[in-house]
Structure formats: structure tokens, C-alpha cells
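**Student:** The structure is given below, and queries will be raised subsequently.
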Amino acid sequence: MLVNESPAGHATLLAAREALIQERTSAGHWDGRLSSSALSTATAVVALALFLRERPSESSGDDDLVQRGIGWLLDHQNQDGGWGDTDRSFSNISTTALGWAGLAFARGSDAVTAAERRAEAWLTKVGGGVDPSTLARAIVARYGKDRTFSVPILTMCALAGRMGSDLEAWRLIPQLPFELAVIPRNFFTIITLPVVSYALPALVAMGLVRHRHRPSRNLVARSIRDLAASRSLGVLDSLQPPNGGFLEAAPLTSFVAMSLIGAGHANHRVVQRALDFLRRSVRDDGSWPIDTNLATWLTTLSVQALNARGRLTEHLDEHARTSVRDWLLAQQTRDEHPYTGAAPGAWSWTNLPGGVPDGDDTPGALLALRDLDPDDETRQAATRGVEWLLDLQNRDGGIPTFCRGWGALPFDRSGADLTAHAVRAWLAWRSDLGALLQARIDRALDLAIGYLAGAQRADGSFVPLWFGNQHVSGEENPTYGTSRVLLALRAARGRTPRNVDGAASRAIRWLVNAQNPDGGWGGDAGAPSSIEETALATSGLAVCADNEGARLAAGRGASWLAQTTHHGTSFPPSPIGLYFAKLWYYERLYPIVLVAEALERLERST
């Protein structure tokens, strides 16, 4: 007997579904709550502390925020002396270096001194030492050619006085070519940026502070940067959303603010807006999350979960469905986005102004809208969203996160999870669209399925861009990637000229073999089981009821979920989310959403 055929299994589904419905806000959508972040807290502390030092008369209340943030860091230092990105994360060199830098602004006490010594001992054990040259080599080695995060870490350490003398500190920090920010954006597809597309604000701010403290000895380069400084500040001003938060992210916003302060621009309006964002987004316990919220993403996932059995009308009444639909329609972009130059018609992860349209939230919104009694307005919005995704597709057939053809660095390249999401969205809306658009979709589907065939590993798995697992080699999460691609392969079955059954069979086999003896799944075979990953694998296998191995494995996964969630009453989250620059987070709603989806799908298949 499968778990959903038992009273306990059905009770788990009912409880998970009700828990998810109860999480809707009064505005009709889902907000969730992201984990507090040691990295976010440390960067916000340093940005506010530097402004306090530069403009003490203009920073009323900032000292309290700084000391409360430091107090939170002291309370959440791992036993080994380091910090992880969340309170459930392993210590890593990036967050530990930033936490150590943040403590430089603490009022002296035995507790602070002890925490500093423990952090230094951890950095010495893992990175070889805390002398500037050794620390710089260790941090650069972690990120390789991608300077999106290594330069900000080193810059913050330098501004906090952790990198030795001013001359030595800035010699160890690479100069980012901030002058490139003033060239037309369409050239970004043919030049090689040392940072990913979302990091343009950091490129400008970090480049400016490095240029201020250690200008190039090359007179031509120095002159070009001198001339570009003012214009690049203008570009930064134009990229900043009205609430001051770049990407709604405390770390990126803090890095920009501290760098401009260090470059002598403490009074610039970009700094003022950035600091106001930090002051507004601090939590009651003195910490900051990695981002304000994932409201759009969570809302689209929740709708899809509640409709996984095709019975959304039984779970949300007409008023509720209309409310969610209208809210989602209001989040679709209407203008070219100033940050990436993205055309209108897409969705970002949040309803707040710092969000950026992307290739994962747009298909998510399209799928949710398809479930929400689409009217003429919805169909028009869906047409724009479908066209936006078609225009985003890379030459390799895959879907990138933000911009077509910007580069091969993480989050600018095609991703299997994003491509699979787009495939499902295109298939969901194809029959509602005109012949010309259907023809475009057919060509895109052929390319996308071809991309996925090439992205499948020899063992049958797929690796995603936006999710990982700390227990897995390389911090990858093939369970997430494979389960999500499997949904797309099954949806495409018989709807494209390509035969997807072979890839689907290999994906099924991988998931079945990766199941742990306890019935759950981790991020890969042998990794500790989690609610999120078990629900993901169960969802993927639930749509493969014609495969006996998949059906039995899904039933075991559902039994594990029922037992582990205490029949849908307890949903402890795990840090499987990967934010920009591979920063870990967990989201309180992920386990609820994913369990509801998995059990709905499984009940539909039985």
C-alpha cells in the first residue's frame, strides 16, 4: 500500500496542504521567511560602522545597529570558530573572514577577543593563516577566475583594517575595471567581464575604492579611470532601485555602500539610500537575511503545489484564486529593466523594487497563472512572458538566469533546472497561442530538449544552478536538478519530435538508486535525507507511475515524509538554497510547499 492510500498518509497531505494555505498573507500571496545570515549581518555591520566613523553626526542609531549585529555574530559563531552562511551551515572561509572583519568594529571585551582568536585559528587551519598575503591567496583560490565575490571579501577586510597597512592591503586586491560600466550594455555579450551580470554595482563601487587607494601605475589606465569615475557613479545611481537595496540583498548593498564610503563618497545619494535600506531591513534580533523575501517565487511554487492534482478549485475559492492571479499579474515587468536591460514581460523572485527579471521565476509565474482561471488579461500577460523566455534562450538551447549570451560564469550560463522550467511553461501555454508563436515554441523546445540531453550526466543526473547541498562533493544537488528536469521530460513526452524517454529513464534510475535506506533523499546518494530533497524526488517520481521502480520509491519517500514531518505538523527547513555567489540559505516555506506538492502528485498518480 502506498502511503497516500493509508489514513496516515492522507492525513499528512491534508495537514501539509492546510499549513500551506494558512501561510497566505492578507494580500493573497505567500511571503515566507528567509534564514538570517552571518554573512549579511557582517557586511551590514561594516557598512554602517564605516559611515558612523566618517559621519558620526549623521548616523543616529547606527551604533546600536552595529553593536546588536556584532552581538548576533558572537551568539552564532560555530563551535569550530568559523561562521557559516546560516545558523545551520558549515563554516566557510568567506563568511568567517567577513565575520572576523565585522568584529573589528566591536567594543573591546573578553567575549569579542575570544571570538576573534577562535576565528583566526579557524582561518589559519583552513586557509593557512591570517596574514594578508596568505588570506588573500586562500580566498582567491576558492573562487578562481570569478572575482564576483573574492574582491568584495578582500575589500571589506581591507576597509576593516584586517589586511595590514593601506599600501599592502590594496596591492593584494585586484582592480576591477569599473570603467567598463560606462560602455553600452550590448557590448557585454562580446567582452569578458570578471564578474557575473548581477554584480555590476559591485564592479563599479569596488573598482572605485581600489582606484582611490592604489591607482594604476599605467598612466593611460589611470587617466581612463579618472575620467570614468564620475560617469560610473551615475551608472550606479541609475541601477539602484528606489528603496536603495540592490537585488534586495543586504550583502551586495552593503558592499556598494562601504566601498563608496572608502572611496570618499560617503555623502553620495547611492550611499544614503543603501544605508537606509539596511536600517529598514534589520531584524529584531540584530541580524539581516540574505534577501528581503522570495515572495513571487514562493507564490508561484505554492499555486503549483496546490494544483499538482488538478484540484486547485477545491483548495482555494474563486476570490482567493482571483486575488493571487491579480497579485501575480501586477508583478510582471512593464518597462525595460534598468539593471540588466531586460525587456518587459518577465517576473523576478520578489514583489519589491530590487528584484530583477529572471529565467526561473518567469516560467514559474507562467505555470501558476495557467492554473489560476486565466482570462484575457492573463493570456496577454502569458504571451508576453512566453516571448520573453523565447528571447532569453541561449544559442546552446538552454536558459540562463538573467541575460542571454553574457558569459560562462555562474548564473550567466545556461542551467538545466531553468531550462526544464521554461519547457514546462512553454508546453502549458502553447495551445492558447497563435500559430506563429506556436512555431517559435516548437523550435525552442527542440533546442531546449537537445540542451538537456547534453546536460545529463553519464549517471543520468542533472545539476541545477540555484540549489546545492553542503554534504555533497562540489556542493552540488543532483537530486533537485534531476527531479525538476524529470517533470519537464515527462511533460514533453509525445509533444516534441525528440524522444525524451531515454533521458527520462536514466533520470528515474538515478533517483531510485540515490534513495537512502531510510526512504528519504539527500542532495546526492549517501547524503543525509532532508524534507526538501525527499519531497523533490518524490514529486519527480510520482509523475512516472508507469514505472514500477519509480512508483515504489515514491511511496517509500512519502512514508519518510509522513514520519519525519509528524504527519504534516513539523517542517524544519534545511539550507539547500544557493543565493548569488554560492551563499547558502534556507526558507521556512520550502519544506511545506514541497511536501504538499509531492503528496498531491502522488495521490494523483494512485
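The values are calculated or read from the model by the stated rules, or taken from the named source; none is laboratory data. Just so you know, these numbers come straight off a predicted model, no measurement behind them. Glycine gets a Cβ as well: all are built from the backbone with ideal geometry, and neighbour counts include every protein chain shown. Areas reflect the complete protein model, heavy atoms only, side chains present, ligands, DNA and RNA absent. Shrake-Rupley method; radii C 1.70, N 1.55, O 1.52, S 1.80 Å.
**Student:** Note down all Cβ pairs under 7 Å where the first residue falls in segment 574-591 and is closer than 17 Å to PHE149 by Cβ, the second is among the aromatic types (Phe, Trp, Tyr) and open to solvent by 20 Å² or more (accessible area, probe 1.4 Å), and they're at least six residues apart or on different chains.
**Tutor:** GLY577/TYR586; LEU578/TRP466
**Student:** Across segment 477-505, what is the total count of residues that are farther than 23 Å from ALA535 by Cβ and either part of a helix (DSSP H, G or I) or in contact (Cβ under 8 Å) with a residue 40 or more places away in the chain (or both)?
**Tutor:** The qualifying residues number 7.
**Student:** Could you list all residues from segment 384-405 that are touching a Leu at 6+ places or on another chain (Cβ under 9 Å), surrounded by fewer than 17 Cβ atoms within 10 Å (Cβ to Cβ) and under 13 Å from ALA342 (Cβ atoms)?
**Tutor:** ARG404
**Student:** When you go through GLY502, GLY468, GLY481, GLY474 one by one, which is the residue that is at positive phi and small (Gly, Ala, Ser)?
**Tutor:** Every option except GLY474 fails the conditions.
**Student:** I need the full set of residues from segment 290-302 which are in contact with a helix residue (DSSP H, G or I) (Cβ under 6 Å, 6 or more places away or on another chain) and open to solvent by 10 Å² or more (accessible area, probe 1.4 Å), in order please.
**Tutor:** THR292, TRP297, LEU301
Here is a yes/no grid of residues against (1) modelled with pLDDT under 95; (2) crowded, with 24+ Cβ neighbours inside 10 Å:
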residue	(1), (2)
ALA527	no, no
GLU533	no, yes
LEU541	no, yes
CYS544	no, yes
ALA550	no, yes
ALA558	no, yes
GLN563	no, no
LEU578	yes, no
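**Student:** Do we have any residue at all in segment 520-531 that's part of a helix (DSSP H, G or I) and not aromatic (Phe, Trp, Tyr)?
**Tutor:** Checked segment 520-531: at least one residue is part of a helix (DSSP H, G or I) and not aromatic (Phe, Trp, Tyr).
**Student:** How many residues are under 30 Å from PRO572 (Cα atoms), surrounded by fewer than 16 Cβ atoms within 10 Å (Cβ to Cβ) and touching an Asp or Glu at 6+ places or on another chain (Cβ under 9 Å) if we restrict to segment 47-93?
**Tutor:** The total comes to 1.
**Student:** Just to be sure I understand, how many residues within segment 541-596 are among the aliphatic types (A, V, I, L, M), under 30 Å from PHE402 (Cα atoms) and part of a helix (DSSP H, G or I)?
**Tutor:** 7
**Student:** So which residues in segment 112-137 are surrounded by fewer than 20 Cβ atoms within 10 Å (Cβ to Cβ), of a type outside the set (Lys, Arg) and part of a helix (DSSP H, G or I)?
**Tutor:** Once the filter is applied, which keeps residues that are surrounded by fewer than 20 Cβ atoms within 10 Å (Cβ to Cβ), of a type outside the set (Lys, Arg) and part of a helix (DSSP H, G or I), segment 112-137 yields VAL112, THR113, ALA114, GLU116, GLU120, ALA121, THR124, VAL126, GLY127, SER133, THR134.
**Student:** In the list ASP371, ASP360, ASP335, which residue meets the criterion of being under 24 Å from the mean Cα position of the chain (by Cα), of a type in the set (Asp, Glu) and buried (at least 16 other Cβ atoms within 10 Å of the Cβ)?
**Tutor:** Every option except ASP360 fails the conditions.
**Student:** Continuing with this model, one more query. Anything in segment 367-394 that is closer than 20 Å to ALA27 by Cα, part of a loop (DSSP other than H, G, I, E, B) and at pLDDT 95 or above? List them, or say none.
**Tutor:** Hit for segment 367-394 is LEU372, nothing else.
**Student:** Quick check, is THR340 out of contact with any strand residue (DSSP E or B) (no Cβ under 8 Å at 6 or more places or on another chain) and surrounded by fewer than 22 Cβ atoms within 10 Å (Cβ to Cβ)?
**Tutor:** Yes; evaluated as a whole, the condition is true for this residue.
**Student:** Could you check LEU180 against (1) open to solvent by 10 Å² or more (accessible area, probe 1.4 Å); (2) at pLDDT 90 or above and say which number it fails?
**Tutor:** (2)
**Student:** Any residue at all in segment 409-420 that is farther than 25 Å from CYS544 by Cα, open to solvent by 30 Å² or more (accessible area, probe 1.4 Å), in contact (Cβ under 8 Å) with a residue 40 or more places away in the chain and over 26 Å from the mean Cα position of the chain (by Cα)?
**Tutor:** no
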